[in-house]
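Student: Here it is, the structure in full.
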Amino acid sequence: MKNQAKSQLATGAVAHLPTSDDLKNSIVRHLHGTLGTDINKASRQAWWSATCAAVNEYVFDGLRNTQRTHYEQNTRAVHYFSLEYLMGRLFSNNLHNLGAYDAAKQALAELGLNIADLEDQEEDMALGNGGLGRLAACFIDSMATLNYPAIGYGIHYEHGLFKQEFSDGRQIERPDSWREYGNPWEICRPESVQEISVYGYVETTYDLQGKMKKVWHPGRIIKGIPWDIPVVGYQGSSVNVLRLWESRASGFFNWDVFNSGGYIDASRENVEAETISKVLYPNDETDAGKELRLIQQYFFCSCSLKDIIRRYKRTYGDDWSQFGAQVAIQLNDTHPAIAIPELMRILVDRAEMGWDEAWNICQHVFAYTNHTLLPEALEKWSVRLFEKVLPRHLEIIYEINRRFLVEQVDVLWPGDNEKKRKLSIIEEGHEHMVRMGHLSVVGSFRVNGVAQIHSDLVKSDLFPEMVALWPDKFTNVTNGVTPRRWLKACNPRLSKLLDETVGVDWPRDLKQLKKLAAYADDAQIQDAFMAIKHQNKADLAQTVKELTGVSIDPHAMFDIQIKRLHEYKRQHLNLLHILALYRRILQNPDYDMVPRVFLFGAKAAPGYKLAKEIIYAINKVAEKINSDKRVKNRLKVVFMPNYRVTLAEKMIPAADVSEQISTAGKEASGTGNMKLALNGAITVGTLDGANIEIAEEVGADNISIFGLTVDEVKALHAKGYHSWDYYYADPEIKAILDWLETDYFTPGKPGELGAIKRSLLEGGDPYLVLADFRSYVDAHQKVDGWYRDKAGWAKKAILNTASVGKFTSDRSIEDYVERVWKLEACPVTAKP
Ligand code: NBY
């Protein structure tokens, strides 16, 4: 008998993990019975769908067992509210988490198929912009793995983040239609439909006892249809749910129009209702402040709250006394903050509860995570817009604010109008605005930042008075990433080496990696580790060739910056360094440097002009450098198109150097920094966000830190920063900026790359690029020296992987459980 690939032991919700024969039979069965085709003529797409269906037999089994257990145990649960989930592909992730990847690989091989080819059939599920959305995806993976009863709530966007193409070096956005050919991982649950209201007006009425009652007469009713995506915990522990709402016209309101011959008007209303979940806003960090966006936020919050309440009532009926004990809601930034007045509305207007009792419930339910200090990214909605879209919620916010100012602010600071002005949920400018951050802090029992320094700054710079009012409300939870996706699945070679050296428990106990430190000086392990890195680089080189046509040499140092394009993340600082190296090579043909390939991946928000100019400049400089014979392969520059989770999974395992170079105080945490260090890249970074904690873990010898600290940044701004001084004082800076303005990189078109220079000089260089330039170049010089010593570099790389066990999202989730949610794990056992 042939050797069947064994799957790992079933430990949780999934009763029987598949063998390769099980999967093979099931795949063929689905090819016939679900896809209606045959092994002789099935397309790759059909094979992929059939394989997903086969995997789903086990996933759904786990889902049923988990849901039954949660219902029977009646446990407290956390509800993660997020406008974004950047899931990426689910095929290999689900197989790995089921412990069935090898079995599937063998089954497919026996059917004459290569599993990697099938993986490439899947579109990324890109329902998010960047770090915030990916964090939500890592968190739901960890919550399932750790057996916490948890549901993720969000929007089922028809179009996720745009696809990026380059045309003559400039970013072009194309729509992303991830579900065009269906999505095998989701289940539509029409039986759990919800209806929500928007627009209209509020009527004040009085009952027979003379008691005032507010009645909202909505202008529009919209249906929310839930799609459930199973979230498979590692080794089949729990299978939780991500529930995403799709908007539909309610039908209800349109009949009159329809019957009176208004067919076109009626279908226009349909289109408008369906627009709500049509497309993800591509704004990273800055909020658009658009009506549709506010409706999106309200739509998913209202649907989700009603869903939670429906489930609660199944057990408790009209007894609300246990709601606060049973339900925790985590707000992923302020985007879902409208859930706070919505719950108040449901309790006060619908359940006819007194204000104090209702407010008390809210304050046991909501917790808020802040992801940014950038002033332009702190959400505000105009009172005018609120009044139009959510008139009743505006009244409730006014009342929350009135009580807050009278009962809290005026008690601590009697008669201090300046304090009231600063703390008011309503900002009084020439246009009155609702401050969603203030609302979130006032309405939550806990507020956290996403790295220690960021949480400290949230307290000291963003909400100092709120801290004076409620010191215990504020805490920190440093971000983390799931090692299942970001090491086990994306870097199988390194995973195997780790299994052999530190044992197989590291994917769910990442601190086990510490054992690897004992081998940091072991020549054999060093060779193995660097051979793996080299193979990963060779794989990436192939991808680069296919996607861009550029040839890169895996023997060169791979220096990678992957993240959204933003001035504060300073991709242009990286560019200035590249230009400095290029200029040195041209000035000195024998300039001695370790050959380097600089790789970028980044999307710019479509309306962010300067960000797009930076992409263009990098592409133009890349073209010139890559075709300049004088460089003799010491330098290559590649901007990878359409950066997304799937591309990250190919780039991260191949990185030697990780660029984490934000202006200190601006990057809340970062999570790419963690993924890169975990895969053995050495960080060149500022003392910002989680870089600080990474430096603490890996030690000063294994990271290259540069630049101003948060305090120095503040001091420099206070004293007055003049970027021109650096331009005149540093001839290299001057030469590079002037060079960018010539037509050297854009023949015949001088000034095409002038935007960067202008922003750094006339624009005042708000992110201190020129102030940090010299120390950045020095930090890279140091890295260049390190790389020349092969054994020394291997040791540093190994120590990076060995030292970053702290940054698993499992640890983040345990921190949330302890500091915020107070949940009990609920292990699931499969029914025999
Ligand atoms: O959240 C990121 C932070 O920049 C990063 O430092 C942190 O590690 C990560 C997870 O905590 N923030 C982020 O990704 N923000 C967004 O994607 C985003 C998206 C939309 C809007 C604002 C921010 N919006 O207002 O539309």
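The values are calculated or read from the model by the stated rules, or taken from the named source; none is laboratory data. Here the structure is a predicted model, which means the values were calculated and not measured. Please note: Cβ atoms are built from the backbone with ideal geometry, for glycine as well, and neighbour counts cover all protein chains shown.
Student: Looking at SER142, is it in contact with a helix residue (DSSP H, G or I) (Cβ under 6 Å, 6 or more places away or on another chain) and either without any contact (Cβ under 8 Å) to a residue 24 or more places away in the chain or within 16 Å of the ligand (Cβ to nearest atom) (or both)?
Tutor: Here the answer is yes, as SER142 does meet what is asked.
Student: Looking at (1) exposed (fewer than 12 other Cβ atoms within 10 Å of the Cβ); (2) at pLDDT below 95, which is the one condition that is false for GLY236?
Tutor: Among (1) exposed (fewer than 12 other Cβ atoms within 10 Å of the Cβ); (2) at pLDDT below 95, the lone unmet condition for GLY236 is (1).
Student: Mind listing whichever residues of the range 745-792 are within 28 Å of ALA523 (Cβ to Cβ) and free of Cβ contacts under 8 Å to residues at least 40 places away in the same chain?
Tutor: Answer for the range 745-792, where residues must be within 28 Å of ALA523 (Cβ to Cβ) and free of Cβ contacts under 8 Å to residues at least 40 places away in the same chain: GLN781, GLY785, ASP789, GLY792.
Student: Kindly indicate whether any position in the range 277-285 is at pLDDT 95 or above, within 12 Å of the ligand (Cβ to nearest atom) and part of a helix (DSSP H, G or I).
Tutor: Checking the range 277-285: not a single residue is at pLDDT 95 or above, within 12 Å of the ligand (Cβ to nearest atom) and part of a helix (DSSP H, G or I).
Student: Of all residues in the range 548-578, which are more than 16 Å from the ligand (Cβ to nearest atom), touching a residue at least 12 places away in the same chain (Cβ under 8 Å) and more than 20 Å from ASP656 (Cβ to Cβ)?
Tutor: If the condition is that a residue be more than 16 Å from the ligand (Cβ to nearest atom), touching a residue at least 12 places away in the same chain (Cβ under 8 Å) and more than 20 Å from ASP656 (Cβ to Cβ), then HIS572, LEU576 are the ones that fit.
Student: Counting only residues that are in a loop (DSSP other than H, G, I, E, B), without any contact (Cβ under 8 Å) to a residue 60 or more places away in the chain and surrounded by 10 or more Cβ atoms within 10 Å (Cβ to Cβ), how many does the range 184-212 have?
Tutor: Within the range 184-212, residues that are in a loop (DSSP other than H, G, I, E, B), without any contact (Cβ under 8 Å) to a residue 60 or more places away in the chain and surrounded by 10 or more Cβ atoms within 10 Å (Cβ to Cβ) number 3.
Student: Okay, next question. Residues that are outside the structural domain of LEU86 (by TED's automatic domain parsing), within 13 Å of the ligand (Cβ to nearest atom) and charged (D, E, K, R): which helices (runs of 4 or more DSSP H) entirely in the range 643-718 hold 1 or more of them?
Tutor: The qualifying helices (runs of 4 or more DSSP H) are 672-678, 691-698.
Student: Sticking with this structure for a sec: If PHE773 satisfies every condition in (1) more than 24 Å from ALA664 (Cβ to Cβ); (2) within 33 Å of the chain's Cα centre (by Cα) but one, which is the exception?
Tutor: Among (1) more than 24 Å from ALA664 (Cβ to Cβ); (2) within 33 Å of the chain's Cα centre (by Cα), the lone unmet condition for PHE773 is (1).
Student: Which of the residues belonging to the range 480-497 are over 21 Å from LEU647 (Cβ atoms) and touching a residue at least 40 places away in the same chain (Cβ under 8 Å)?
Tutor: GLY480
Student: Can I ask one more? Just to be sure I understand the filter: pairs with C-beta atoms under 8 Å, separated by 6 or more residues or on different chains, first member in the range 699-725 and in contact (Cβ under 8 Å) with a residue 12 or more places away in the chain, second member surrounded by fewer than 16 Cβ atoms within 10 Å (Cβ to Cβ) and in a loop (DSSP other than H, G, I, E, B). Which pairs pass?
Tutor: TYR721/GLY764; SER723/GLY764
Student: Now a separate question. Identify, from the list LYS795, LYS831, LYS734, the residue that is among the charged types (D, E, K, R), closer than 30 Å to ALA520 by Cα and not assigned by TED's automatic domain parsing to the domain that holds THR475.
Tutor: Sole residue among the options that is among the charged types (D, E, K, R), closer than 30 Å to ALA520 by Cα and not assigned by TED's automatic domain parsing to the domain that holds THR475: LYS795.
Student: Here's something else I'd like to know. Tell me, which helices (runs of 4 or more DSSP H) lie completely within the range 366-472 with 1 or more residues that are away from the ligand (no atom under 16 Å from the Cβ), small (Gly, Ala, Ser) and surrounded by 17 or more Cβ atoms within 10 Å (Cβ to Cβ)?
Tutor: Ranges flagged: 436-443.
Student: Test each condition in (1) out of contact with any Lys or Arg (no Cβ under 6 Å at 6 or more places or on another chain); (2) surrounded by fewer than 21 Cβ atoms within 10 Å (Cβ to Cβ); (3) farther than 20 Å from ILE225 by Cα for ASP333 and report the one that comes out false.
Tutor: Failing condition for ASP333: (2).
Student: Need pairs with beta-carbon distance below 8 Å; first residue in the same structural domain as PRO653 (by TED's automatic domain parsing) and exposed (fewer than 14 other Cβ atoms within 10 Å of the Cβ) and within the range 533-547, second among the small types (Gly, Ala, Ser) and at pLDDT 95 or above; sequence gap 6+ or separate chains.
Tutor: Within 8 Å, the pairs are LYS545/SER551.
Student: Right, another one. Out of all the residues in the range 786-803, is one or more on the phi > 0 side of the Ramachandran plot and not in a helix (DSSP H, G or I)?
Tutor: Among the residues of the range 786-803, not one is on the phi > 0 side of the Ramachandran plot and not in a helix (DSSP H, G or I), which makes the answer no.
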